[in-house]
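The values are calculated or read from the model by the stated rules, or taken from the named source; none is laboratory data. These numbers come from a predicted model, not from an experiment. When we count neighbours, we look across all protein chains shown, and the Cβ atoms used for this are built from the backbone with ideal geometry, even at glycine.
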Amino acid sequence: MKLTILGGGGFRVPLVHGALLRDHGEGRVTDVTLYDLDTGRLSAIRRVLAQQAAGARQSGGTAGEAPRVTVTTDLDEALRGADFVFSAIRVGGLDGRAADERVALSEGVLGQETVGAGGVAYGLRTVPVAVEIARRVAALAPDAWVINFTNPAGLVTEAMSRHLGDRVIGICDSPVGLGRRAARALGADPEEAWPDYVGLNHLGWLRGLYVAGRDELPRLLADPHALTSFEEGRLFGADWLRSLGAIPNEYLHYYYFNREAVRAAQEAEQTRGAFLRDQQRRFYAEMERGDGPALEAWDRTRAEREATYMAENREAAGAGERDACDLESGGYEQVALALMRAIARNERTTLILNVRNRTTLSLLDTDAVIEVPCFVDAGGAHPVSVAPLPDHATGLVCSVKAVERAVMSAAESGSRATAVKAFALHPLVDSVTVARRLVDGYAEAHPGLAHLRA
């Protein structure tokens with residue numbers, strides 16, 4: 001079975017490869033093609049993967065169990081014959097992400113890559129590329145399944161679904177990690193807990209957690225010690241979570257504590273995007289020099305990256321450093337592997353995924369991509385029926401979905417007016433005048449958006 005990874009020179013690719021090395025079942029991935037436009041990054045990641053495979057053999061595996069890895073800068077070559085396509089591209093690179101943050105913060109609004117003005121800007125330049133990829137997949141690998149991790153994940157998945165239908169599925173590790181942490185706080189086995197989770201990508205709520213058929217979330221919300229024993233509890237605070245009657249995805253901190261989040265980002269020594277840009281420059285430069293073991297350097301860099309995740313939010317909330325259990329997310333690579341196994345082998349499983357709504361949430365149309373638990377089998381991902389959203393969540397979900405639709409329309413039409421609309425409609429952009437300045441700022445920062453300049 002062939003897996004193509006778009007963005008194959010990306011820093012997180014070894015996570016996916018590591019998961020594949022641990023899969024010894026029949027029908028596993030035997031060929032991995034890494035596609036990227038940057039040959040230097042491709043070469044660096046290939047070195048890391050080779051050392052991963054060597055380590056797996058030394059620990060008891062066999063050479064035949066490691067997937068064969070090839071690299072290419074030709075998209076069509078990468079797609080031909082693919083059974084699964086994993087999309088993890090970053091249009092504009094980390095320089096682009098840092099620019100997104102800088103432009104937004106200069107206007108006093110959030111620049112995070114998936115939330116607020118930064119997410120809108122990232123979507124505007126990513127959607128056209130993702131749509132072209134979807135068209136090439138439809139033409140060259142029509143039977144392939146696309147697993148999308150490219151941010152903003154829900155928006156990009158919906159844009160690709162217009163060409164691929166249900167054969168594109170978005171994944172994210174945030175809701176899976178939340179469910180697992182909440183289960184452990186209750187003393188339950190995360191593998192035996194059913195999360196009642198619903199929303200959009202990076203905009204969802206854990207509304208129930210069923211263990212042996214009983215909703216144990218009320219017990220967790222009533223126990224301040226247990227509730228603040230994991231990241232989301234410390235980030236939002238027990239009082240606010242009890243008021244909501246739910247546990248939000250960590251990214252909702254940007255909405256519920258927006259002023260604090262923006263201020264923390266403005267006062268930080270450097271933004272998250274700038275930190276990752278500089279960190280990865282050092283890693284890839286080290287790979288070019290050939291200094292030391294590639295896998296060891298990658299592991300060291302990854303540990304630093306994970307420990308500093310959402311550091312500004314934790315500082316603003318007084319949540320302290322991340323605990324070891326918080327560093328264990330749902331593992332997007334594990335979600336991707338479970339999804340591929342369920343489809344390829346018809347091993348039915350349940351995962352929280354980004355899929356077309358169909359009739360799951362009545363407030364949205366059938367084609368809107370939402371994030372909910374899904375049954376997965378050889379026929380793909382099937383969203384599970386869920387209860388209606390509470391009023392406080394309904395407003396946010398509808399507003400952000402309207403923004404996503406405006407981004408897709410602006411990306412397709414190239415209309416400045418529609419781009420301004422996308423920014424102005426976002427709940428975290430509080431002025432049409434600011435929206436207009438944001439469009440001009442991003443048009444200046446990104447050559448691909450220059451056509452939007454006034």
TODO: Return the only residue of A443, A419, A402 being modelled with pLDDT of 95 or more, part of a helix (DSSP H, G or I), out of contact with any Cys (no Cβ under 7 Å at 6 or more places or on another chain) and surrounded by 22 or more Cβ atoms within 10 Å (Cβ to Cβ).
DONE: A419
Open item on the list: Restricting to the range 72-91, count the residues that are small (G, A, S), closer than 27 Å to H446 by Cα and either modelled with pLDDT under 95 or surrounded by fewer than 20 Cβ atoms within 10 Å (Cβ to Cβ) (or both).
Closed with: 0
- [ ] Please work out if D196 is under 29 Å from L363 (Cβ atoms) and surrounded by fewer than 19 Cβ atoms within 10 Å (Cβ to Cβ).
- [x] no
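Working carefully through the options L178, L164, L155, find the one that is under 26 Å from S362 (Cα atoms), hydrophobic (A, V, I, L, M, F, W, C), in contact (Cβ under 8 Å) with a residue 60 or more places away in the chain and not assigned by TED's automatic domain parsing to the domain that holds A344. So that I can check it myself, show each step before the final result.
Details: L178 fails: not assigned by TED's automatic domain parsing to the domain that holds A344; L164 fails: in contact (Cβ under 8 Å) with a residue 60 or more places away in the chain.
The conditions single out L155.
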TODO: Exactly one condition in (1) under 30 Å from F423 (Cβ atoms); (2) among the charged types (D, E, K, R); (3) free of Cβ contacts under 8 Å to residues at least 60 places away in the same chain is not met by E101; state its number.
DONE: (3)
Task: Conditions (1) under 19 Å from the mean Cα position of the chain (by Cα); (2) buried (at least 19 other Cβ atoms within 10 Å of the Cβ): number failed by V262 - done: (1)
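For the range 28-112, which fully contained strands (runs of 3 or more DSSP E) count at least 3 residues that are in the same structural domain as N201 (by TED's automatic domain parsing) and either touching a His at 6+ places or on another chain (Cβ under 9 Å) or within 23 Å of P152 (Cα to Cα) (or both)?
Output list is empty.
Residue-wise test of (1) out of contact with any helix residue (DSSP H, G or I) (no Cβ under 8 Å at 6 or more places or on another chain); (2) at negative phi; (3) among the basic types (K, R).
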residue: V129; (1), (2), (3): yes, yes, no
residue: E132; (1), (2), (3): yes, yes, no
residue: A141; (1), (2), (3): no, yes, no
residue: N151; (1), (2), (3): no, yes, no
residue: G154; (1), (2), (3): no, yes, no
residue: D166; (1), (2), (3): yes, yes, no
residue: W205; (1), (2), (3): no, yes, no
residue: L209; (1), (2), (3): no, yes, no
residue: G213; (1), (2), (3): yes, no, no
- [ ] Would you be able to tell me the number of residues in the range 24-44 that are of a type in the set (D, E, K, R) and surrounded by 17 or more Cβ atoms within 10 Å (Cβ to Cβ)?
- [x] 3
